[in-house]
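Report on the structure given below.
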Amino acid sequence: MAARKKYSKEFKLDAISLMIDQGYTRIEAARSLGIQANMLGRWVKEQQADDGQAFRGNGKLTPEQAEIRQLKEENRRLKMEKDILKKATVFFAKETR
């Protein structure tokens, strides 16, 4: 089984440009680039749907995803701090008796 070929963001944007800016059909553009026409169609849909965030690559988050990750981390930290304070309250309540 052959490994999947990976294409750079620039290659994908240039391929989309062939269709949109230069008037090639999807089949013509795909044939000239040596890729499948359905792959090129998928790239066009992804680029139009993601508002400039398409083809980020692995590990690169959208601003919304980065904010969600940051908020989850903050939520986890605050829960941990709350648990520590509860345990401290119980400890000091026992000490005063």
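The values are calculated or read from the model by the stated rules, or taken from the named source; none is laboratory data. None of these values were measured; they are calculated from a predicted model. In this analysis, Cβ positions are derived from the backbone assuming ideal geometry, glycine residues included, and neighbour counts consider all displayed protein chains.
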Task: Count of segment 4-32 residues which are more than 27 Å from residue 62 (Cα to Cα) and either surrounded by fewer than 17 Cβ atoms within 10 Å (Cβ to Cβ) or basic (Lys, Arg) (or both) - done: 8
Task: Enumeration of residues in segment 14-29 that are among the aliphatic types (A, V, I, L, M) and farther than 15 Å from residue 46 by Cβ - done: 18, 27, 29
- [ ] Residues that are under 20 Å from the mean Cα position of the chain (by Cα) and modelled with pLDDT of 85 or more: find the helices (runs of 4 or more DSSP H) completely inside segment 4-97 holding 3 or more of those.
- [x] 9-20, 37-49, 63-96
